[in-house]
Amino acid sequence: MRKVKQNPYTLFVLVHDNCHVELTSVISGNLSHGEPSHGLADRVINCREVLEAFNLLVLQVSSFPYTLQTQQSRVSSSNEVHWVQLDNTEDMSCEEKLYFGLNEYSKSLQWGITSPLLRCDETFEKMVNTLLERYPRLHSMVVRCYLLIQQYSEALMALTTMASLRDHSTPETLSIMDDLITSPGKNKSGRGHMLIIRVPSVQLAMLAKERLQEVRDKLGLQYRFEIILGNPASEVSVAAHFVARLKTWRGNEPEEWVPRTYQDLEGLPCIVILTGKDPLGETFPRSLKYCDLRLIDSSYLTRTALEQEVGLACCYVSKEVIRGSTVALDLSGKEQERVTVSENDSDELLIDLERPQSNSSAVTGTSGSIMENGVSSSSTVDKSQKQPLTPGFQSPANSMGLEEGVSTGTVGAAETLKQECDSLGPQMASSTTSKPSSSSSSSSGPQAVPWPGRPVQGCRGPHAALPPVVILSKAAYSLLGSQRGGKLPSSSSLLPHADVAWVSSLRPLLHKDMSSEEQSLYYRQWTSARQHHADYNNQPDPNTGTQAYHPRRLLLTGPPQVGKTGSYLQFLRILFRMLIRLLEVDVYDEGEINTDHSEGSEVSQSEGEPWPDIESFSKMPFDISVHDPKYSLMSLVYTEKLAALKQEAIKESKAEEPRKRETVSMMLTKYSAYNTFHHCEQCHQYMDLASTSQMPDSTLHAFTFSSSMLGEEVQLYFIIPKSKESYFVFSKQGKHLESMRLPLVSDKNLNAVKSPIFTPSSGRHEHGLLNLFHAMEGISHLHLLVVKEYEMPLYRKYWPNHIMLVLPGMFNNAGVGAARFLIKELSYHNLELERNRLEELGIKRQCVWPFIVVMDDSCVLWNIHSIQEQSSQLIEAGVSGKNVSLKSVLQHIEATPKIIHYAILGIQKWSSKLTSQSLKAPFSRCHVHDFILLNIDLTQNVQYDFNRYFCEDVDFNLRTNSSGLLICRFNNFSLMKKHVQVGGQRDFIIKPKIMVSESLAPILPLQYVCAPDSEHTLLAAPAQFLLEKFLQHASHKLFPKAIHNFKSPVLAVDCYLNIGPEVAICYISSRPHSINVNCEGVFFSGLLLYLCDSFVGADLLKKFKFLKGATLCVICQDRSSLRQTIVRLELEDEWQFRLRDEFQTANSSDDKPLYFLTGRHV
């Protein structure tokens, strides 16, 4: 517990196995002056330190959890994990082995086999009763134990030296001992069976061991089988010669190896005298064949006590055992007569070859003379005498025909056959002597029962593992034997445990088909803990009646020997992996694309410069090519370099593009951004995971401004937590939100960043990396989540301490373009308000900080890179990188000299393929994505396209550059983006507006458009989304001349749209004084006009040349504007249109479809 306290960030799991044992309270132990172990479990798991430790999970495991399921239980029923028990063999078709438990033992009595798996020794019971009548003052356990020792001693003597003692032993005991002694002689390796004798009293168990050992040694059988005392308080002790034998069987064990568990005794012929008050869920080897529970009598009549004793024999068996049982051979009537034969019939082998053999049908050659002094005579058989058996004689256990036959004359052959058929199923152990006749001669002992737990000579291969035979006392047998059908054994009607009491005698019976969950609820209602029980003092609240459950306590329950230990170890393994996974993150790891046709930075830059020099930087050409790997499947942007490249090279590189993006696992660092699953002491204030269930104090403020682009007033809502109100300016009355405070360009505060951070997020209320506390090193910063109206309640629930900017309802289905457009519009409006406010305080307008940060919700880590000097001419100079905080990246970029002259600043995308070549230039003038510092003053007249779902940033970068503004990328910083599998810019699921039937074929992108007024299936998706998706897949239809023809790109005016990776787009701005790519001598293969405004005129288009057969696509908001545009731009002069070339997106008229017209150049 000291360790638990010292390491609050380490999860500890306390496993309390067999938790039903010794659940007495410490107090009752002190009163009764019990042994020191009394109340030990209570002292550990219910002590104050364990109950209060938040980093400690208590896992209680039990096959008999009834004592923990009372009215005073400390484990909530919702924290119980029940073993899933499959009901029938059909469910288990994939499993090799089936579980054979208490229920199966009870059911096996109806199989109709002469040697049942669950038995009662009537003769023994009669002897016990006689003795108890004669000695009424003796404890029944003592009487039973002495009688049992005597039974086994006499059986040993009867089977070896004094055959006259046979009548003194019960047939059951004789049969068991006979099998134990003879089985090692039946195979070359000397393997045998295990017999467990359960003697709860340690003193009696020690006595039994001494007596039986003494008899064994006097009979000279000390090399035949071992006798072991199984005491939970001491180690397993095995004689040296048996250890040597075990080592030989196991092979390559070290010299000092000794058996430590019962499973290590696999194949060793032995008697284990198992002692202790409770059998503690020990696992026994497959060679366990007999479980003698004759000492477990009526003093064990509680459900837990009885079931845990029989639980010793529960195990997994092959499917055939259970299957075979359903067609079990009923050895009654004539069969029975034929089986009980006298020794005179020894030369006749009784096998009904015509009858199909089932697993539990016993193949017995009954002959008294086989057992001469318990030694098998099978070794005398000459192989030449054997003849093949009928081919129909097959075992369903392994469908393995008996390759070696049997001659029907030899006595030994019968024994051989019995060995050969060892895999055939449970033999009738005591069938011949179930009613021993008084005239039986000394050789009419019971048959040895072949047991298929091990490979036998002649029968190599997988054997059907069979359940052990259980011999019960009469009291136990009468309970377990009376199977009522259903899931529960009859023992379930008993009091569940000695430490609990029934609440009322008027209670419903347990229903025979109750699941373990239902049993738990039953016991929780109808039983209560007795005074000495550890849970007794956990009484329900007298006022409310509610039960005090412990929140970090789990109870795993399942039948005995079913595999619970393996399960909870696997659970701990998974838990460990999950905790490790919480420290790891999958980030994209992809090299830049299109590097072979990018514009070079001709202006020299000195390598170690921390900031760009505005003079030299503005002389650098802009690199129009897009290098972000997420855009690998999109149209190339035309440059003169691209035209000069070999087309094949580009064609190949495009074809190879992997669909699945590459990621690599990284450990999170102290500077990571986190999602909702991260919890720690430092940032819990930031996350505000207060225990209060109600929403924390935050207020809703409307903020209205007019947008020239939208041509209407826009009303946004801010949700501002009380703790964040200092970032805003409110009216004098304190009710109305006036503006968001902005710093000055001249401000120098090392504990703050100047720019407000906007993060648009959708569908990622849990998984978005919106916790920037560690990334910002805990300093104060203004972070606004930009969310859609319908998602606001979810984001507010998970991020109650964040400022939310809620987009108007009309943008609920809009793409990321709308969010970026509104962030920029709002920020510019706010900048003007702040300038006006601060101007009144005597501050110049241009002194107000004009930048905002717009970053994705998947940015997880930031790095700084430096080039290491190369050690020799041969070795390429390496790139070293280390994690830095978002704070340091932003503060560095914000400190750029003359920063207000840059329109956008950004950093590059991290990749393990970053080379010193890519860092040679510390700054690039190129596209930036995902994480940008945006100058809203300079870019006032450049807008994001608010309709867009894809590539909105490429479109915006091209607009910004053509306006002559500077975009700068800092190459010595890089951004790692997490691969978040949910939310974000996920596609709409496109389905018909009116569902005709449920099972519809997927709709292909070419079905996203249709002819106007046609009978086409209309789709429930935004028109713009359908259009963009259609264009990505329709380049072959729309621009056939442009496919792989990068010398003749498609001319796109004022827009960049992705029209498929096989096509290049030449972006041209129609604005006066704009900077455009040199198109002299270029013949275009197509023209794309998308929602063009009044700046696009007929004169502009006439400057460009087109190939013969080039195609045109004009996209407009409606049919009338489509016609007006064609007339205004005088398109009919050069382009030929047909009536059937008009299309619309497949929306209903309510959803405002977009229209487009295609034509051919004449």
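Restrict the check to segment 1107-1117 and report whether at least one residue is out of contact with any Pro (no Cβ under 8 Å at 6 or more places or on another chain), assigned to a loop (DSSP other than H, G, I, E, B) and either open to solvent by less than 70 Å² (accessible area, probe 1.4 Å) or assigned by the TED database to the domain that holds Pro1012 (or both).
Yes: one or more hits.
Lys748 versus (1) within 17 Å of Leu838 (Cβ to Cβ); (2) open to solvent by 40 Å² or more (accessible area, probe 1.4 Å): which is the lone unmet condition?
If we test Lys748 against (1) within 17 Å of Leu838 (Cβ to Cβ); (2) open to solvent by 40 Å² or more (accessible area, probe 1.4 Å), just (1) comes out false.
Scanning for something part of a loop (DSSP other than H, G, I, E, B), touching a residue at least 12 places away in the same chain (Cβ under 8 Å) and surrounded by 15 or more Cβ atoms within 10 Å (Cβ to Cβ), does segment 123-134 turn up at least one residue?
As a first pass, look at segment 123-134 and keep what is part of a loop (DSSP other than H, G, I, E, B): none.
There is no residue in segment 123-134 that is part of a loop (DSSP other than H, G, I, E, B), touching a residue at least 12 places away in the same chain (Cβ under 8 Å) and surrounded by 15 or more Cβ atoms within 10 Å (Cβ to Cβ).
Name, by its number, the condition in (1) over 17 Å from Ala475 (Cα atoms); (2) in contact with a strand residue (DSSP E or B) (Cβ under 9 Å, 6 or more places away or on another chain); (3) open to solvent by less than 10 Å² (accessible area, probe 1.4 Å) that does not hold for Met206.
Met206 satisfies every listed condition except (3).
Arg323 passes all but one of (1) at pLDDT 95 or above; (2) charged (D, E, K, R); (3) assigned to a helix (DSSP H, G or I); which number fails?
(1)
I need a count of the residues in segment 494-535 that are under 19 Å from Glu104 (Cα atoms) and open to solvent by 70 Å² or more (accessible area, probe 1.4 Å).
Qualifying residue count, segment 494-535: 2.
Mind checking whether some residue in segment 1068-1080 is within 19 Å of His1161 (Cα to Cα), modelled with pLDDT of 95 or more and open to solvent by less than 10 Å² (accessible area, probe 1.4 Å)?
no
Among the residues of segment 1137-1154, write down those that are of a type in the set (Lys, Arg) and either touching a strand residue (DSSP E or B) at 6+ places or on another chain (Cβ under 7 Å) or not in a loop (DSSP other than H, G, I, E, B) (or both).
If we filter segment 1137-1154 for residues that are of a type in the set (Lys, Arg), which is where we start, we get 1138, 1140, 1152.
If the condition is that a residue be of a type in the set (Lys, Arg) and either touching a strand residue (DSSP E or B) at 6+ places or on another chain (Cβ under 7 Å) or not in a loop (DSSP other than H, G, I, E, B) (or both), then Arg1138, Arg1140 are the ones that fit.
Looking only at helices (runs of 4 or more DSSP H) that lie completely in segment 585-681, which have at least 1 residues being open to solvent by less than 40 Å² (accessible area, probe 1.4 Å), at pLDDT 90 or above and farther than 20 Å from Trp910 by Cα?
Helices (runs of 4 or more DSSP H) meeting the threshold: 614-619.
So that you can scan it fast, the table gives a plain yes or no per residue for (1) assigned by the TED database to the domain that holds Tyr66; (2) open to solvent by 30 Å² or more (accessible area, probe 1.4 Å); (3) modelled with pLDDT of 90 or more:
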{"residue": "Pro467", "(1), (2), (3)": "no, no, yes"}
{"residue": "Ser473", "(1), (2), (3)": "no, no, yes"}
{"residue": "Tyr477", "(1), (2), (3)": "no, yes, yes"}
{"residue": "Ser490", "(1), (2), (3)": "no, no, no"}
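For a quick check of your reading of the model, give me the residue pairs whose first member lies in segment 484-511 and is within 23 Å of Gln72 (Cβ to Cβ), whose second is of a type in the set (A, V, I, L, M, F, W, C) and at pLDDT below 85, with beta-carbon atoms closer than 9 Å and at least 6 apart or on different chains.
So the pair list comes out as Leu494/Leu301; Leu495/Leu301; Leu510/Leu488.
Within segment 217-229, identify whether any single residue is open to solvent by less than 30 Å² (accessible area, probe 1.4 Å), of a type in the set (Phe, Trp, Tyr) and closer than 25 Å to Leu466 by Cα, and answer yes or no.
Yes, segment 217-229 has at least one match.
Given the condition touching a Leu at 6+ places or on another chain (Cβ under 6 Å) and not in a helix (DSSP H, G or I), answer yes or no: does some residue in segment 787-794 qualify?
Yes, segment 787-794 has at least one match.
Yes/no per residue for (1) outside any loop (DSSP other than H, G, I, E, B); (2) in contact with a strand residue (DSSP E or B) (Cβ under 9 Å, 6 or more places away or on another chain):
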| position | (1), (2) |
| --- | --- |
| Ala475 | yes, no |
| Ser478 | yes, yes |
| Ser492 | yes, no |
| Pro496 | no, yes |
| Leu509 | no, no |
| Met578 | yes, no |
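Would you confirm whether or not segment 1089-1098 contains a residue that is in a helix (DSSP H, G or I), in the same structural domain as Tyr1155 (by the TED database) and either at pLDDT below 95 or more than 17 Å from Val637 (Cα to Cα) (or both)?
Within segment 1089-1098 (the criterion being in a helix (DSSP H, G or I), in the same structural domain as Tyr1155 (by the TED database) and either at pLDDT below 95 or more than 17 Å from Val637 (Cα to Cα) (or both)), the answer is yes, since at least one residue qualifies.
What is the one condition in (1) buried (at least 20 other Cβ atoms within 10 Å of the Cβ); (2) on the phi > 0 side of the Ramachandran plot that Leu556 does not satisfy?
Looking at each condition in turn, Leu556 falls short on (2).
What about Ser962, is it crowded, with 17+ Cβ neighbours inside 10 Å and at pLDDT 95 or above?
When the stated conditions are applied, Ser962 passes them.
(1) open to solvent by less than 50 Å² (accessible area, probe 1.4 Å); (2) out of contact with any Cys (no Cβ under 7 Å at 6 or more places or on another chain); (3) modelled with pLDDT of 95 or more: which one isn't true of Arg211, the others all being true?
Of the numbered conditions (1) open to solvent by less than 50 Å² (accessible area, probe 1.4 Å); (2) out of contact with any Cys (no Cβ under 7 Å at 6 or more places or on another chain); (3) modelled with pLDDT of 95 or more, the odd one out for Arg211 is (1).
Given (1) modelled with pLDDT of 95 or more; (2) farther than 23 Å from Thr960 by Cα; (3) in a loop (DSSP other than H, G, I, E, B), where does Leu874 come up short, assuming only one miss?
In the conditions (1) modelled with pLDDT of 95 or more; (2) farther than 23 Å from Thr960 by Cα; (3) in a loop (DSSP other than H, G, I, E, B), Leu874 misses (1) alone.
The values are calculated or read from the model by the stated rules, or taken from the named source; none is laboratory data. Predicted, not measured: the structure shown is a model, and the values here were computed from it. Note that we place each Cβ from the backbone using ideal geometry, even for glycine, and neighbour counts take in every protein chain shown. For accessibility, only protein heavy atoms count, side chains too; no ligands or nucleic acids. Shrake-Rupley method; radii C 1.70, N 1.55, O 1.52, S 1.80 Å.
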